[in-house]
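What follows is a short report on a single structure.
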Amino acid sequence: MALFKVSLAPENEPRIESSSHFLRYPVMADFPEWAALREQSRAFLKPWEPVWPEDDLTKAGFRRRMRRYVKERREGRSYPFFLFERRNNKMVGGLTLSNVRRGVSQCATLGYWMGEPFAGAGHMSAAVSLVLPFCFNTLRLHRVEAACIPSNQRSIQLLEKMGFRREGYAKKYLLIDGVWQDHLLFACLQEDFASANWARSMRAGGNLKEFL
C-alpha cells in the first residue's frame, strides 16, 4: 500500500510524496541535475517530444522555463513537477498538468517524461499514482486527459494501468519530433478514479492536503 502526504521540501517548496517517490515543483537549483539527465536521455526522448529549442539545456533557457512555470502556476493554468526517488533524492523524470480549464470543463492535460536510465522501472506509475489524487482531491478537476503516439506501447500500458480509458484517435494531433503525428486519446474521470481499486488502496493511507 502506498502512503502519500504533502510536506515541505528543503527548498521550502511543497511536495507530494509516497514511501518511495516524491513530486515537487521545479526550482532553479534543479538545473544541473535536470540538464544532465535530459542530455543523457536526448536520443531516448526525441521520438516522443517536440523539437527542443537550441538553448533548451542552457541555464538561461532553464531560467526562462522557470519563469513560465511560476507564471502559469500562479494563474492556475499549469502545474509542473519533477519526480524524485526518496531513498536518494535523485531526479528520475518529470510530469506536468497543463491546459487547465475551469468553468464547465474542470479538466487538465497530463504529460510526462522519464530519464532513460530509469525507464521501465515503475517510476512513472508511481508519479501518476501521486498526481491523480492532487488532480481530483485538491484541484477538484473532473477529468484528466492524456495523449500518446500509437507506437508508444509503454505509455499506453501506463495509462491503462492507471485507470485511463481510450476515447479516440486524433489524426496529426501534435507536432512531435518535427512531424505532425497521430495520437491515441485517453481520459480518467473523477468517477473512474474514485471507484478504482488502486485509488481506494492509496486513499486508505491518508488524505491529500492542500498543495497549491
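Please treat every number below as a calculation from the coordinates, not as lab data. Just so it is clear, the model here is predicted, and its values are computed rather than measured. In this analysis, Cβ positions are derived from the backbone assuming ideal geometry, glycine residues included, and neighbour counts consider all displayed protein chains.
What the table below lists for this structure:
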item: Surface/4 of the Cα convex hull for the chain, nm²; result: 11.4 nm²
item: LYS71-LEU185 FRET efficiency (beta carbon distance; Förster radius 25 Å; 0.05 resolution); result: 0.35
item: Around ARG101: net Lys/Arg minus Asp/Glu count, Cβ-Cβ under 15 Å; result: +1
item: Taking all pairs of distinct alpha-carbon atoms in the stretch 62-188, Kirkwood radius in angstrom; result: 15.5 Å
item: Neighbour-count order for PHE134, PHE84, fewest beta carbons within 10 angstrom listed first; result: PHE134, PHE84
item: The stretch 30-94: C-alpha gyration tensor shape, a/c 1.5 cut-off, then a/b vs b/c; result: oblate
item: Cα-Cα over 29 Å, subset of LYS59/LYS161; LYS90/LYS171; LYS71/LYS171; LYS90/LYS172; LYS46/LYS71; LYS59/LYS172; result: LYS59/LYS161; LYS90/LYS171; LYS71/LYS171; LYS90/LYS172; LYS59/LYS172
item: Convex hull volume per residue in cubic angstrom - Cα atoms of the stretch 139-192; result: 86 Å³
item: Residues listed by number, the stretch 125-145, amide nitrogen under 15 Å from SER20 label point at 7 Å toward C-beta; result: 125-131
item: Rg in Å to one decimal, and Dmax rounded to a whole Å, for the stretch 60-107 via C-alpha atoms; result: 13.4, 42
item: Rel. contact order, % - alpha carbon contacts under 8 angstrom, at least six apart, the stretch 29-180; result: 22 percent
